[in-house]
1. Residue by residue through the range 173-208, note down the ones that are open to solvent by less than 20 Å² (accessible area, probe 1.4 Å), at pLDDT below 95, more than 11 Å from the chain's Cα centre (by Cα) and among the aliphatic types (A, V, I, L, M).
2. Scan ALA136, ALA145, ALA154, ALA131 and give me the residue that is at pLDDT below 95 and closer than 27 Å to GLY247 by Cα.
3. Quickly run through the range 254-277 and pick out the residues that are over 19 Å from GLY212 (Cβ atoms), assigned to a helix (DSSP H, G or I) and in contact (Cβ under 8 Å) with a residue 12 or more places away in the chain.
4. Restricting the range 258-268 to residues that are open to solvent by 60 Å² or more (accessible area, probe 1.4 Å) and touching a helix residue (DSSP H, G or I) at 6+ places or on another chain (Cβ under 9 Å), which is farthest from LEU290 (Cα to Cα)?
5. Would you tally the residues in the range 238-253 being surrounded by fewer than 19 Cβ atoms within 10 Å (Cβ to Cβ) and part of a loop (DSSP other than H, G, I, E, B)?
6. Please work out which residue is modelled with the lowest pLDDT, limiting yourself to the range 85-108 and to residues that are crowded, with 17+ Cβ neighbours inside 10 Å, hydrophobic (A, V, I, L, M, F, W, C) and out of contact with any Gly (no Cβ under 6 Å at 6 or more places or on another chain).
7. Give just the number: which of (1) modelled with pLDDT of 95 or more; (2) farther than 21 Å from ARG170 by Cα does THR115 not satisfy?
8. Could you list, in sequence order, all residues of the range 74-86 that are in contact with a helix residue (DSSP H, G or I) (Cβ under 7 Å, 6 or more places away or on another chain) and not β-branched (Val, Ile, Thr)?
Amino acid sequence: MSSPDPQVRAARNHSTTPAMRGPVVAVTGAASGIGAQLTERLAASDEIKQVIALDERRGECAAAQWHILDVRDPAIAEKLRGADVVVHLALDLDLETDAAARTAYNVRGTQTVLTAAAAAGVHRVVLCTSAMVYGALPDNELPLAEDAELRATAEATGVGDLLEIERLARRAPRAHPGLNVTVVRPSVLVGGGTDTALTRYFESPRLLVVAGSRPAWQFCHVDDLCSALEYAVLEKVDGELVVGCDGWLEQEEVEELSGVRRMELPSAVALGAAARLHRIGLTPSPAGDLAYTMYPWVVSGSRLHDAGWRPQWTNEEVLAELLEEVSGRHTVAGRRLGRKDATAAGAAGATVALLGAAAVVRRARKARRRI
């Protein structure tokens, strides 16, 4: 069924008639990515009274009321007045962003939004992190319970920021009595141009498999994430929630479905080479990202299920979409290659390039020692 005309939706969103009893919802990071998709979804919902969109530039949703500002600006408190719920999606998890700058933006932004929401009288804030916060460990149960301990470390891209956001979420209700904080943790996110170390894993001509590991893949389509966020906005569920497809895929199933063959390496070789390449700036992904392709971090989504929510996508369907999205892209050790680079490296495969680059580094170091 097609969405209502934007002008009709805009008029409905700004209606002051008593019939519109739903919440006023503010969305940060509303101009792009998940924020843009959620803003459109909420603006089209009969259960939402009004959508306030906040970002550093104006997005395309005509039905929302836009405010242009940095989420770290304390002036955001004034823009949140009248909102019942804030969904904070203004996060920078770009692989190419300087790590210190990324952390400063993500942590400071979340602190400011939580404080501003409390000051503005908002009663609920919805934060979005990742199921990566549980950590990818060889002794993880399959699946983990949602209330399992968060055992991740800060060694993978952006995970340190997400762990700090989780800590802020736990502290906020104590610091601001009356403020409810819901945390939504998607599994491997796919769709809408999502670009992470985990989606880039499938851009390689061979799938790197570390000997002795037992990967398990649980995906989450952005459509399902937005649906779960809407559930949280409408207070159909709260607390700490995992969003993902039902079940998971073993590595062998992924290889069979994708048609991409594996290349297996000893753990010490793969992790050592990845660490060296990242240290000298040849790849954007630290060695810690590899753990999430080695060990399981599948989580039960029982809380959303108990509330009546169900994913619309299966793991098999999301993997198929991911493979279609990354078709034609070429990545080696997390670094996306241009067409000329890919022609040279594609036949060898990602792992061969990883080892070759590591060998070059070792030879260069030996040569410097002789001088």
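1. LEU207
2. Being at pLDDT below 95 and closer than 27 Å to GLY247 by Cα holds for just one of ALA136, ALA145, ALA154, ALA131, which is ALA154.
3. LEU257, SER258, ARG276, LEU277
4. Out of the qualifying residues, it is GLY259.
5. Here the count works out to 4.
6. The qualifying residue modelled with the lowest pLDDT is LEU95.
7. (2)
8. PRO74, ALA77, LEU80
The values are calculated or read from the model by the stated rules, or taken from the named source; none is laboratory data. Given the structure is predicted, the values throughout are model-derived calculations rather than measurements. Cβ coordinates were reconstructed from backbone atoms using ideal geometry, including for glycine residues, and neighbour counts include every protein chain displayed. With ligands, DNA and RNA removed, areas are computed over all heavy atoms of the protein, side chains included. Shrake-Rupley method; radii C 1.70, N 1.55, O 1.52, S 1.80 Å.
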